[in-house]
Amino acid sequence: MGDETLTTDTAQATPVHSFADAAWDEFLELDPMWATVQGDERWDDRLDDPSPAGRAAFMSVIEGWSERLDELDDGELEVEDAVTVGLMRAVVGRFRGADELRLWQLEALDQLNGPQTLPGELARFHRTDTEERFDKLLARLAAYPDWMAAHRANVAEGVAAGRTAPREVLERCLDQTRRMVGTPPEDSPLLAANESLPADRRAALLAAVETHVQPALAEWLATLEDYAAHVRRGPGVCYLPDGEAVYRHHILSYTNLPEDAREVHAYGLARLDEIEAAEAPLAAELGQASVAALREFLDRDPANHVEDPADLIKAAEEWIRRAEAEAPKWFGHPPAGHCRVLPVEPHVERDAPAAFYYAPAEDGSRPGTYYFNTYDPSSRPLHQAVPMTYHEAVPGHHFQLTAERNLRHLPAFRRHGALLACGAYVEGWALYAERLAAEMGLYHDALERFGAWESEAHRAARLVVDTGLHAFGWTREQSIEVLVKRAGLARLDAEIETDRYIAWPGQALSYMIGQREILAARAQLEARDGDRFDHAAFHDEIIGHGSLPLDVMRAQLPRWVKPRGERA
């Protein structure tokens, strides 16, 4: 992956490339918030359309893509065009499956991405530093009541069909929405994020929150309160009438592989056993009789916790600087651009995961950002936060997604939309990055090395609990118990994580399934090249083609990665 590949001569774009660029524009026009997050402001005055008419229009576009892909796929495509076609076919399959399974009846109940979170997302991503940008925000807020009404109609349709969300997700959505409804308009996240606006604009924004946002949230709250009588019998999708098909769809959507739930469950249990065996010597080195004893000690050890949220942010920044200093030894072309660290905003921190990452905007208006959840900081052990930072920031998501944004020779769909189909690649790389951090010498003592193994245990436990919940009818408490006892999570984190898995069936499988495939690809190349295996070439190439379906990655990597001394 050389710097010479980072520009595109659009006059020489292939038919596949041109089609993918046009398709990406079609997608963004239909999902304007996705565009905003990417830094593309062309549709910043709009929201998507969750109504039946909007869904029909969306699926018409998707079916049009499918027809065009059939025309373009002549069996003689160049490698990158073949990858683009394969990726887009996976995206088509995912959207088609979701539509056939009527997942719109369920998706609005989501404590992480549900419709009640939109004001906070607008506060985070919608720029208001010009009059035009500010007016577009007002247009979006004016559309919010109708947008929420469409979601309420979808929820009602699900209730009528007997296909509803579980109580665990409803309760988090209720708590979140009650807090938002109870927040005075002048304290809304939208006002907090725009404190520097001129007085007249702040007044207009406050009026929009009072007129459009708060009443719509109040109606959503009433809908959720009525929904309580209709929640499904258990947390997993297996309690839906068509739950087996729904879970198969989610597994394929997040892994690109037709994984069997029973086999994934068994693999997760086997990995937990292997990890516990690796952790035992570290427990002894740290003066504890067992892994369980070490976990109990670390849970109450004051040196492993901080009281001030700002101390968590400072620690994460130091770990990132540590990784950035070592990266040139392991990457031929480390992606440019520092990763900033911000705390998760107060209005969502109680329901948010421990950390997450947003890629930089393509126009440079927003850097890559690692969001660290500082809610109740004393409950967040430092030894677990170290590998989490290498996962989310450097060399994990920040490196991979920043590199992806810079691949200007690839279609926009590959640079910005691959996550629609390649969750296991993205999360697999980040989990691989945690293990790479050990090779890079980033874990400075036995405690940090133990934290890295605990992170692996967490991801192995995810395989067990996600399949347990959604294929085998587990209770919420069964999941929490596995995460606490076998992965060492604090109970608060185990509860938040479990409720996330309940809301997002299959997503938890993407991490270790993706890591498994990347490690297998590396082992294949190490066997091929022996002492000439080139770590830098491997890492440059694996993040140098954008996010990939796992089967595409395994097929193409041997063609891209050259032995040491043979790189161009």
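Values quoted throughout were computed directly from the atomic coordinates according to the rules given, and no laboratory measurement underlies them. Small disclaimer: the values here were computed from a predicted structure and weren't measured. Here Cβ is always computed from backbone atoms with ideal geometry, including for glycine, and neighbour counts include all displayed protein chains.
Miscellaneous remarks
- Under 15 Å, Cβ to Cβ, from Asp226 - net charge with Lys/Arg +1 and Asp/Glu -1: -1
- Here's the list of lysines a cross-link from Lys329 could span, going by alpha-carbon distance under 29 Å and ignoring same-chain residues fewer than 8 apart: Lys314, Lys562.
- Placing unit charges on the Cβ atoms only, positive for Lys and Arg and negative for Asp and Glu, gives segment 421-568 a dipole magnitude near 340 debye about its Cα centre.
- Mean separation of Cα contacts under 8 Å (6+ apart) over length of segment 1-120, as relative contact order %: 20 percent
- Along segment 367-374 the Karplus relation, 6.51 cos²θ - 1.76 cosθ + 1.60 evaluated at θ = phi - 60°, assigns HN-Hα couplings of x, x, 10, 9, 8, 10, 7, 9 Hz to successive residues, with x for each Gly and Pro.
- Packing, taken as the mean count of other beta carbons within 10 Å per residue, orders the peptides 153-166, 380-393, 467-480 from highest to lowest as 380-393, 467-480, 153-166.
- For segment 300-349: rounded, prolate or oblate by the Cα gyration tensor [a/c cutoff 1.5]: oblate
- Cα-centre dipole for the chain with unit charges at Cβ (Lys and Arg positive, Asp and Glu negative), debye to 20: 780 debye
- Shape call, the chain: gyration tensor on alpha carbons, a/c limit 1.5: rounded
- Table column - 3J(HN,Hα) (Hz), segment 358-363, Karplus curve with 6.51, -1.76, 1.60, x for Gly and Pro: 10, 5, x, 5, 5, 7
- Shape class of segment 80-180 from the Cα gyration tensor (axes a ≥ b ≥ c, square roots of the eigenvalues): oblate, since a/c reaches 1.5 or more and a/b does not exceed b/c.
- ³J(HN,Hα) computed for each position of segment 190-201 - Karplus, 6.51 cos²θ - 1.76 cosθ + 1.60, integer Hz, glycine/proline x: 5, 6, 5, 7, 10, 5, 8, 5, x, 4, 5, 6
- When you restrict to C-alpha pairs under 8 Å that are six or more residues apart and normalise by the size of the chain, the relative contact order lands at 18 percent.
- Taking amide H positions as modeled 1.01 Å from N, with prolines and chain starts lacking one, the residues under 5 Å from Tyr371 and 5 or more places away or on another chain are Leu342, Phe356, Tyr357, Tyr358.
- Annotation: peptides 489-500, 332-343, ranked by per-residue average of other Cβ atoms within 10 Å with the highest first, follow the order 489-500, 332-343.
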